[in-house]
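The values are calculated or read from the model by the stated rules, or taken from the named source; none is laboratory data. Small disclaimer: the values here were computed from a predicted structure and weren't measured. All Cβ positions, even for glycine, are placed from backbone atoms using ideal geometry, and neighbour counts span all protein chains on display. When the accessible area is computed, the model is the full protein with side chains, heavy atoms only, and any ligands, DNA or RNA have been set aside. Shrake-Rupley method; radii C 1.70, N 1.55, O 1.52, S 1.80 Å.
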Amino acid sequence: MTAPRGKIMSPTYGTVRQTLKFGSLLVALAGELRAQPAASAAPTAALSWMVEGGASYSTPFVEDGNGVFARAGVGPYLRIGASRGIFSRTRATAGLRADAAALRLRSSASAWRAGTTRRLDVHAGLEVDVTPRVTALAGLLGARASGPDDVIPFRTHRGALWTWGMEAGAVIPVDRRRRTAITVVGEATRMAAQPSENPRLAGGAIGRVRIGVRHALR
Amino acid sequence: MRSAETLNGAVRRLLAITALAMMACTTPTIDAAAPPYDPTALTAGLLYHWPTGRTLDIHVLGGGASPLLDATVRTAASRWTSALAFREHTLRLVDRPEQADILVRDAAIGMPVDTAGCGGARWTESFASTLFCPAGDTARTLSLVNTPGGHAKVLITIDLAGVGNPTDLLPIVVHEIGHALGIGGHSSDPADVMFAAPAVPSPSPADARTLRYVLHRRPHLTL
């Protein structure tokens with residue numbers, strides 16, 4: 001008897017929907033940005049520190065053609081960052097962010113957990129006030145992701161991977177002094193191929209959405 | 001002024017690139033591959049395995065009297081655990097038979113479970129066999145003869161005296177545990193531990209691929 005070949009499933013409907021929604025948000029923000037007059041060249045603020053916490057959710061780390069999906073579940077993140085005004089409506093930002101989440105696996109037969117995945121990233125970018133109520137942010141990040149070293153994709157390099165990616169999103173102040181804000185950020189990070197692993201892993205991108213609350217310390 | 005426009009342009013480009021990257025998000029992928037050998041050849045197409053993600057407890061009956069068998073089963077369990085890509089199972093040894101999912105015994109020890117009326121699946125190789133008793137879409141719990149309780153569903157029997165050379169024992173035990181995990185077939189390649197007369201001491205990539213294939217199909221029978 002020849003067993004039937006497995007089939008690679010297309011991305012889940014939910015993931016596609018989230019991605020399209022996020023894309024629409026970015027396009028709208030980009031439009032707002034274009035509509036604004038150019039900012040003046042005078043720096044407006046000293047270095048400002050901020051803390052941020054919230055929850056993140058990611059698309060699968062791995063999709064196995066046999067029907068297995070490995071992904072980080074919803075988990076908390078914590079960020080410490082700093083920003084400095086470089087123009088009247090534009091700030092440069094940088095920071096460190098850490099998150100952790102259960103590594104969840106699902107196949108046609110069942111779902112199970114396989115330990116915890118963690119990530120520490122360094123990021124830098126720009127924030128632009130596109131309307132009085134909305135600030136757009138975009139930036140680059142480099143991250144070290146770790147997980148159980150017996151589970152793909154963490155079986156290489158003793159459970160730790162280096163990735164890089166891009167992020168973009170919106171910051172919406174919720175108080176009059178604009179010290180506290182809700183952040184909604186999407187990112188895409190690159191996972192390199194693992195051609196020497198058995199089974200072999202083809203590289204790809206991992207999407208992540210973060211929703212959090214930020215507070216400026218001063 | 002010009003610098004501000006340049007920066008706004010950079011932000012716009014980054015937003016657009018990130019949006020495109022998100023939309024073109026291709027998940028890192030492992031290709032589907034047919035198993036190198038038919039994992040249901042000995043079960044007439046019946047696919048069976050344990051609930052995925054479960055830790056499987058193994059007890060070696062009379063292990064204290066046979067440290068070699070005990071140590072060999074421990075090594076074999078570790079080799080299969082390492083061969084799995086997504087921690088579908090963790091295999092560990094337990095001290096008491098009533099804690100076990102899988103029992104391993106030396107053929108010199110009397111039958112430890114009640115197999116009366118079991119018309120079940122049994123693979124008998126030279127010096128070893130694996131047994132479970134199908135009951136609808138699951139397998140019957142094998143009642144322990146001398147101990148109340150227990151929930152073991154698979155019994156592996158090893159003829160230690162027949163094996164003779166201790167170095168031949170590990171391939172046989174790894175092979176039988178492969179049957180216990182869900183591979184109901186034999187490879188035609190001597191490089192695989194699921195070859196009918198196993199000679200290698202670890203699951204090969206082909207064995208691992210076959211088990212991965214089995215574990216991610218909906219089974220006809222859940223152990």
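See the values below:
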quantity: Residue tally, condition open to solvent by 50 Å² or more (accessible area, probe 1.4 Å) and either at pLDDT 90 or above or polar (S, T, N, Q) (or both), over the range B:119-131; calculated: 2
quantity: Residue in the range B:132-151 that is in a strand (DSSP E or B), open to solvent by 30 Å² or more (accessible area, probe 1.4 Å) and modelled with pLDDT of 90 or more present; calculated: yes
quantity: Selection count where residues are open to solvent by less than 30 Å² (accessible area, probe 1.4 Å), out of contact with any His (no Cβ under 6 Å at 6 or more places or on another chain), in contact (Cβ under 8 Å) with a residue 60 or more places away in the chain and not in a helix (DSSP H, G or I), scope the range B:152-193; calculated: 8
quantity: Residue that is nearest to the other protein chains (Cβ to nearest Cβ) [pool: residues in the range A:31-56 that are crowded, with 18+ Cβ neighbours inside 10 Å and at pLDDT 90 or above]; calculated: A:Ser56
